[in-house]
Amino acid sequence: DPVQWMKDALSGHDTLKVKNDVAAGVVLAIPPFPHEEDPDEVIGNPIYGLDEAWEQFSPTAVMIAPGPDLKDGKVTKQKIYQSSGTMLGVVTGLGKTVTQAVDAAFKAIDKIKVSNLMVRDDIGESLEEELPVLQTLGYATAMRYK
């Protein structure tokens, strides 16, 4: 809990616990990302399943507004998550290795449903070749790709 850690630090106690897990972030976007947008084209697109992935999602262009939702087998108007721009946010994943972190992020992404969702599927791939080079320079020495 970052608030508890800060409170402890103010009292002179260091209770910071650091994880050495690898983190991967994946941008979720809708067209015409990354280009100029027509507000009517991108605002109000329903986003379903976000509640199931919320702990791993950092929103950037998401709002809550009345929209279509399925309730008891009928389409009703409820307050739901909707787009408010082209870059919806970032989904993160943690793991002991790069591949585990990426897999955790994509497992959360699979729960999110929005039409025309754009997701890069090459996250971390170049790191497989680049990581050994970084490690010879003394960086990310504890990080493993697989």
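The values are calculated or read from the model by the stated rules, or taken from the named source; none is laboratory data. What you see is a predicted model, and the numbers here were worked out from it, not measured in a lab. For neighbour counting, all protein chains shown are included, and Cβ atoms are generated from backbone atoms with ideal geometry for every residue, glycine included. The protein model used for the area step is the full one, side chains on, heavy atoms only, and it has no ligands, DNA or RNA in it. Shrake-Rupley method; radii C 1.70, N 1.55, O 1.52, S 1.80 Å.
Within 14 Å, Cβ to Cβ, of L134, how many net charges do the neighbouring residues add up to if Lys/Arg are +1 and Asp/Glu are -1?
On the way: positive: R144; negative: E128, E129, E130.
Its environment carries a net charge of -2.
Give me the net charge of K77's neighbourhood, meaning all other residues with Cβ under 10 Å from the Cβ of K77; Lys, Arg count +1, Asp, Glu -1. Show your work: numbers first, answer last.
Values: positive: K71, K79; negative: D69.
Local charge sum for K77: +1.
Hey, can you find the accessible area per residue of the chain for me, probe 1.4 Å, expressed in square angstrom?
On the way: 10020 Å² over 146 residues.
Counting only protein heavy atoms, the per-residue value for the chain is 69 Å².
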Worksheet item: Length gain on complete extension for the stretch L70 to A23, per 0.36 nm per residue less the alpha carbon to alpha carbon distance?
Response: 13.5 nm
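How fast does the stretch 1-64 diffuse by Stokes-Einstein, in µm²/s, taking the Kirkwood radius from C-alpha pairs at 25 °C and 0.890 mPa s?
Numbers: Rh = 15.7 Å.
Once the numbers are plugged in, D ends up at 156 µm²/s.
With the contact rule set at Cα under 8 Å and sequence spacing of 6 or more, what percent relative contact order holds for the stretch 3-146?
That works out to 30 percent.
Counting Lys +1, Arg +1, Asp -1, Glu -1, what net charge surrounds P31 among other residues with beta carbon under 12 Å of its beta carbon?
-4
Only sites in a loop by DSSP and with at most 11 other Cβ atoms within 10 Å count here; which trypsin sites (Lys or Arg not before Pro) in the stretch 1-45 make the cut?
Details: sites: K7, K17, K19; in loops: K17, K19.
The qualifying sites are K17, K19.
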Discussion item. Based on the alpha-carbon set only, what is the convex hull volume of the stretch 40-146 divided per residue, in Å³?
Written reply: 120
Worksheet entry | the stretch 20-77: GluC sites (Glu not before Pro) in DSSP coil with no more than 12 other Cβ atoms inside 10 Å | E36
Item to complete: Could you tally up the Lys pairs in the stretch 2-136 with alpha carbons closer than 22 Å? Skip any pair fewer than 8 positions apart unless they're on separate chains.
Response: 15
